[in-house]
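Quick notes on the structure that follows.
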Amino acid sequence: IMRGFYADIASHPWQAAIFVKYRKVPGEHFLCGGILISSCWVLSAAHCFQERYQAHQLKIILGRTYREIPGKNEQQFQVKKYIVHNQFDPETYDNDIALLQLTSESAKCTTETDTVRTACLPEPGLQLPDWTECEISGYGKHESYSPFYSERLKEGHVRLFPASQCTSQHLDNRTITKNMLCAGDTRQLDDACQGDSGGPLVCMKDDRMHLIGIISWGIGCGSKDMPGVYTNVTRYLGWIQDNMNS
Ligand code: 4AZ
């Protein structure tokens, strides 16, 4: 997260950290953010899985504030399987969504605590007003040119852009589809950055945080007047239900 503030996981209890064990390199490497949407399912971005990892190479950690330091009450899971949207377009990042199923011996995977909790999915057709202030979180870079990810979870505040200000003209002639939405802040320059992908854009509605977007891509980080681009979650409610049931 560019700018923003350091945060505690208790303020973003649906935030997941996804790590990968490479076959040749030792250790576990931070891969992407994710969002806990039910006891056994985490949403993330399809582009995080372009290297076609095997499920057993992945590990999901919930309840962790510091990227590399175990949290007191964190919950770790192996991945049983993961599903990447079959129409994900690696050129445009259209359909940048993936679902990961956590491994568990019982029907439940995560236990709800102060630091681990699901995000609500929006009602079908939910359209929040333009410029609604929402929240992003992640363990990604502080600046686009930095070589390092953040040591600690951060949060940022961004506003939902009207569709008229979320076109290819506003994003260096890149393809923008209805499956994407833009959010940013032209004043504070809070923005998502590399390593935040797969993590949440949540907005308050009826006193609950609802998952509106998945951090997907952007032209650099925090460039003035250049919003970040998010997967438009309301377009995938059917896809999410179908794949959690199958
Ligand atoms: C990335 O590389 C990335 N400013 C994600 C979001 C944004 C930029 C880059 C938005 O994962």
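The values are calculated or read from the model by the stated rules, or taken from the named source; none is laboratory data. Note that the coordinates shown come from a computational prediction; the quantities given were computed from them, not determined experimentally. Virtual Cβ from ideal backbone geometry, glycine too; neighbours counted across all protein chains shown. For the accessible areas, the whole protein counts, side chains as well, though only heavy atoms, and no ligand, DNA or RNA atoms are used. Shrake-Rupley method; radii C 1.70, N 1.55, O 1.52, S 1.80 Å.
Computed values, structure above
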| quantity | calculated |
| --- | --- |
| Verdict on R117 being part of a loop (DSSP other than H, G, I, E, B) and open to solvent by 70 Å² or more (accessible area, probe 1.4 Å) | yes |
| Filtered residue count, the range 100-111, keeping only those that are among the charged types (D, E, K, R) and touching a residue at least 12 places away in the same chain (Cβ under 8 Å) | 1 |
| Residue check, C193 surrounded by 20 or more Cβ atoms within 10 Å (Cβ to Cβ) and farther than 22 Å from W14 by Cβ | no |
| Subset tally (residues that are open to solvent by less than 40 Å² (accessible area, probe 1.4 Å) and either basic (K, R) or assigned to a loop (DSSP other than H, G, I, E, B) (or both)) for the range 147-172 | 7 |
| Residue that is under 17 Å from the mean Cα position of the chain (by Cα) and either assigned to a loop (DSSP other than H, G, I, E, B) or surrounded by fewer than 17 Cβ atoms within 10 Å (Cβ to Cβ) (or both), where the choices are A10, A16 | A10 |
| Residue satisfying all of: in the range 211-246; among the small types (G, A, S) and more than 16 Å from the ligand (Cβ to nearest atom); nearest to S44 (Cα to Cα) among these | G238 |
| Close pairs (6 angstrom Cβ cut-off, 6 or more residues apart or separate chains): at negative phi in the range 221-246, among the hydrophobic types (A, V, I, L, M, F, W, C) and part of a loop (DSSP other than H, G, I, E, B) anywhere | C221/C193; M226/I219; P227/F161; G228/A192; T231/I97; T234/L126; Y236/I97 |
| Evaluation of W131 against (1) open to solvent by 90 Å² or more (accessible area, probe 1.4 Å); (2) touching a helix residue (DSSP H, G or I) at 6+ places or on another chain (Cβ under 6 Å) (one fails), failing number | (2) |
| Residue within the range 128-146 that is outside any loop (DSSP other than H, G, I, E, B), polar (S, T, N, Q) and closer than 28 Å to R3 by Cα present | yes |
| Single residue of the range 173-184 satisfying the filter (surrounded by fewer than 22 Cβ atoms within 10 Å (Cβ to Cβ) and within 14 Å of the ligand (Cβ to nearest atom)) that is farthest from Q87 (Cα to Cα) | R174 |
| Any hit, the range 189-208, residues being away from the ligand (no atom under 16 Å from the Cβ) and part of a loop (DSSP other than H, G, I, E, B) | yes |
| Any hit, the range 24-33, residues being in contact (Cβ under 8 Å) with a residue 12 or more places away in the chain and away from the ligand (no atom under 16 Å from the Cβ) | yes |
| In the range 90-114, residue least open to solvent (accessible area, probe 1.4 Å) [restricted to those that are among the hydroxyl-bearing types (S, T, Y) and modelled with pLDDT under 95] | S104 |
| Cβ pairs under 8 Å, 6+ apart, first in the range 157-186 and of a type in the set (K, R), second in a helix (DSSP H, G or I) | R174/S168; K178/R235 |
